[in-house]
Amino acid sequence: MIQIDAASSSVPKGQIVDAAIVPVPKQRNTREENRQIKAGDSPEAWSDNKHRQKDVEATGP
C-alpha cells in the first residue's frame, strides 16, 4: 500500500487489485520535428504508424 500511496493512487479497503506499473521508453522528437509540430505541420519523415502513435497536441511542463 505504501508504493500505491506514493504514486498518488488509492484503493478502498477490502478490494483486490491486480496491476503492474512498468516504465516505458520515452519517445523523443528531434528539434526539427518539434519546430514543425509547433508550426502546425506534420513531419513528413514520419510513417503512417508513427503519425498514429504520436500525440502532437500534448504539451509538456
Residue count, the stretch 13-37, condition of a type outside the set (V, I, T) and either surrounded by 10 or more Cβ atoms within 10 Å (Cβ to Cβ) or in contact with a Leu (Cβ under 8 Å, 6 or more places away or on another chain) (or both), comes to 6
Conditions (1) at pLDDT below 75; (2) within 16 Å of the chain's Cα centre (by Cα); number of the one not met by D55: (1)
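The values are calculated or read from the model by the stated rules, or taken from the named source; none is laboratory data. Bear in mind that the values here come from a model prediction, so they are computed numbers and not experimental data. No Cβ is skipped: glycine too gets one built from the backbone with ideal geometry, and neighbour counts run over all protein chains shown.
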